Amino acid sequence: MTMKSLTIAFAATLGVSLSSFASPALAFSGGNFPACDAPQVLSYIQNRFVWTDRHVLKRGLAIDHIARVHTNRSRTGHQYWSIPRLYCHGTAHMNDGHKRQIWWLIEGGMGFAGLGDNLEFCILGLDPLKVHGAWCRSVR
């Protein structure tokens, strides 16, 4: 069985229609994220934060918009063991009126089952479980 047929079979089992996605990678991961300030990156962060807050933390918070976006550093996959990474930073304007520092990391080819990219983010002061370490260290 090829990878494509396995992906389609897996999607069918989950009840996911691949026709609504541009590629199988978008069905199972955040998708392909080209740059820190790409609209799909910022939208993905906002949507995932709302979902997490609503279902896990239950604080009623949302990100209104993300400003002052820039790339902290990047690591390209020149070596066979290296994963291309893009480290990003910005200011999250929250629905409670606060501005908070936000960091995110885009890892190329690290989506579910290696399809698409992975995006991890952390907002300073809003990671009570320290998922990304103290002061969002792992995505800085």
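The values are calculated or read from the model by the stated rules, or taken from the named source; none is laboratory data. Bear in mind the structure is a predicted one, so any value in this text is a computation, not a measurement. Note: ideal-geometry Cβ built from the backbone for every residue, glycine included; neighbour counts use all protein chains shown.
Regarding H98, is this residue modelled with pLDDT of 95 or more and either closer than 18 Å to Y44 by Cβ or in contact with a Gly (Cβ under 7 Å, 6 or more places away or on another chain) (or both)? Considered against the rule, which asks whether it is modelled with pLDDT of 95 or more and either closer than 18 Å to Y44 by Cβ or in contact with a Gly (Cβ under 7 Å, 6 or more places away or on another chain) (or both), H98 comes out as no. Restricting segment 75-90 to residues that are among the hydrophobic types (A, V, I, L, M, F, W, C) and either under 20 Å from L42 (Cβ atoms) or touching a helix residue (DSSP H, G or I) at 6+ places or on another chain (Cβ under 7 Å) (or both) leaves a set whose member that is modelled with the highest pLDDT is C88.
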